[in-house]
1. Under the Karplus relation 6.51 cos²θ - 1.76 cosθ + 1.60, θ = phi - 60°, what is the ordered set of whole-Hz ³J(HN,Hα) values for the range 47-52, x standing for Gly and Pro?
2. Output the 0 to 90 degree angle, nearest 10, between the alpha-carbon long axis of helix 32-46 and the longest principal axis computed from the alpha carbons of the chain.
3. Treating only the Cβ of Lys, Arg, Asp and Glu as charged (+1, +1, -1, -1), what charge dipole size does the chain show about its Cα centre? Round to the nearest 20 debye.
4. Before anything else, pin down the relative contact order of the chain: Cα pairs under 8 Å, at least 6 apart, normalised by residue count, whole percent.
5. Find which of A33, S63, G23 sits farthest along the positive direction of the dipole of the chain, computed with +1 on the beta-carbon of Lys and Arg, -1 on that of Asp and Glu, about the Cα centre.
6. Computed from the coordinates I sent, Kirkwood radius over Cα pairs in Å equals one of [x] 11.6; [y] 12.0; [z] 14.7. Tell me the label.
7. Residues of the range 30-66 with the amide nitrogen closer than 17 Å to a label point 7 Å from the Cα of A22, along Cα-to-Cβ, please.
Amino acid sequence: MARATVHTFATDSGWVNQRSRAGAIRTVYRTRAEAQRAGQEIARRDRTEHVVHATDGKVLARSSFA
């Protein structure tokens, strides 16, 4: 089974990272860049994909660490 993709996206509180099959958001970041760096590290560690979304939900970037 493939590991859950890590998504970086904006919320009303700030930028967050969330796995595609998990509900918990643990850290809220002030900027997209901060959240994106953290999301890449999570994806790299988990050997999965990292997807960064714009504020409108469109995909800005996709990286694979599988």
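Read-outs: derived from the displayed coordinates by stated rules, not from any lab. Everything quoted here is computed from the prediction, not taken from an experiment. Reconstructed Cβ throughout: ideal geometry from the backbone, glycine too, with neighbour counts over all protein chains shown.
1. So the J values, rounded to whole Hz, are 6, 9, 8, 10, 10, 9.
2. On a 0 to 90 degree scale, this one is about 20.
3. Details: 12 positive and 6 negative charges, 44 e Å.
Taking the Cα centre of the chain as origin, the dipole is about 220 debye.
4. Details: 127 pairs, mean separation 21.7, N = 66.
Reported as a whole number, the value is 33 percent.
5. S63
6. [x]
7. Residues 35-52, 65-66 fall inside that zone.
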